[in-house]
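Taking it in order: structure first as structure tokens, then the write-up.
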Ligand SMILES: [Fe+2]
């Protein structure tokens, strides 16, 4: 599995507070089957703001320690960019992308997406970037109307779910929204968003439960294949499940039944 969203780089945001804690978390990840991880530190003007050189220095020091300790995880730099007007200039000038790719992990206000947040994402698209909206299921507007997620997807925004959401870590409404999006195919990635505050177990548990409740193909796609496309900077197909549904009515029926069973259990 490849984790595309975690706050494991120490002493840069609200994630890990020490090198030792980060190393312990990476060892747990490796033991659980994580092979690669993007260290996506918050980048939020006025809150978590740093220069490209400051990030690089912290990332390189930590990556060297990880190599020295022989923890078998490939690391890539990354950011979780808070959307604000003009943010595309920071993304371009500082290279706030996922590794060497054109993908950019972005977030916005959870309690009410600003009306102009698609405008910020559109500016990124215009510059050739590929925005991925982090933890799309946690936005209040998406919980109230999951079609908001679909509308973003058809406007070229990739969507990421938190593994913990599928396990109920953020409450039942986030949980049911996450499952609905996964079952509709309105999600491209599942990632940990780990902040090194507790044990690293959600990715492993979510992988199994997605495989059980949807299918192994979808689990592999969301936890491994799509993330690998970021490493390789390849374009990811947005409507992957729709293609499958067209070829398999059984798959569609099974997914729908799963969602409604979960709603009424
Ligand atoms: Fe995050």
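Does residue 47 satisfy the criteria of being modelled with pLDDT of 95 or more and either more than 13 Å from the ligand (Cβ to nearest atom) or touching a strand residue (DSSP E or B) at 6+ places or on another chain (Cβ under 9 Å) (or both)? No: the conditions fail for residue 47. For the residues 169, 101, 165, the requirement of being touching a residue at least 60 places away in the same chain (Cβ under 8 Å) and within 24 Å of residue 192 (Cα to Cα) singles out 101.
For segment 98-111, filtering for residues that are away from the ligand (no atom under 16 Å from the Cβ) and under 10 Å from residue 77 (Cα atoms) leaves 2. Selection of segment 97-124 for residues being within 11 Å of residue 158 (Cβ to Cβ) and in a helix (DSSP H, G or I) yields only 121. In segment 50-66, the residue that is nearest to the ligand (Cβ to nearest atom) out of those that are surrounded by 12 or more Cβ atoms within 10 Å (Cβ to Cβ) and without any contact (Cβ under 8 Å) to a residue 40 or more places away in the chain is 50. How about segment 219-238: which of its residues are touching a helix residue (DSSP H, G or I) at 6+ places or on another chain (Cβ under 6 Å) and free of Cβ contacts under 8 Å to residues at least 60 places away in the same chain? Matches in segment 219-238: 219 only. Would you mention how many residues in segment 125-148 are out of contact with any strand residue (DSSP E or B) (no Cβ under 6 Å at 6 or more places or on another chain), over 18 Å from residue 235 (Cα atoms) and either in a helix (DSSP H, G or I) or free of Cβ contacts under 8 Å to residues at least 12 places away in the same chain (or both)? Qualifying residue count, segment 125-148: 9.
Name the pairs: first residue in segment 15-34 and on the phi > 0 side of the Ramachandran plot and assigned to a loop (DSSP other than H, G, I, E, B), second residue more than 16 Å from the ligand (Cβ to nearest atom) and modelled with pLDDT of 95 or more, Cβ to Cβ under 7 Å, at least 6 apart or on different chains? Qualifying pairs under 7 Å: 33/1. When the criteria are applied in full, residue 76 fails the requirement of being under 27 Å from residue 207 (Cβ atoms) and away from the ligand (no atom under 16 Å from the Cβ).
Cβ-Cβ contacts under 6 Å between residues 6 or more apart (or on different chains), taken from a first residue in segment 68-89 that is closer than 14 Å to residue 123 by Cβ to a second residue that is away from the ligand (no atom under 15 Å from the Cβ), are listed as 83/117; 83/120; 84/45; 87/120; 88/123; 88/124; 88/127. When the residues of segment 124-144 are filtered to those that are surrounded by fewer than 19 Cβ atoms within 10 Å (Cβ to Cβ) and closer than 16 Å to residue 85 by Cα, the one that is farthest from the ligand (Cβ to nearest atom) is 126.
Annotation: of all residues in segment 1-25 being within 15 Å of the ligand (Cβ to nearest atom) and modelled with pLDDT under 95, the one that is nearest to the chain's Cα centre (by Cα) is 15.
The values are calculated or read from the model by the stated rules, or taken from the named source; none is laboratory data. On a predicted model such as this, the values are computed, not experimentally measured, just so you know. Don't worry about glycine lacking a Cβ; one is built from the backbone with ideal geometry, like all the others, and counts go over all protein chains shown.
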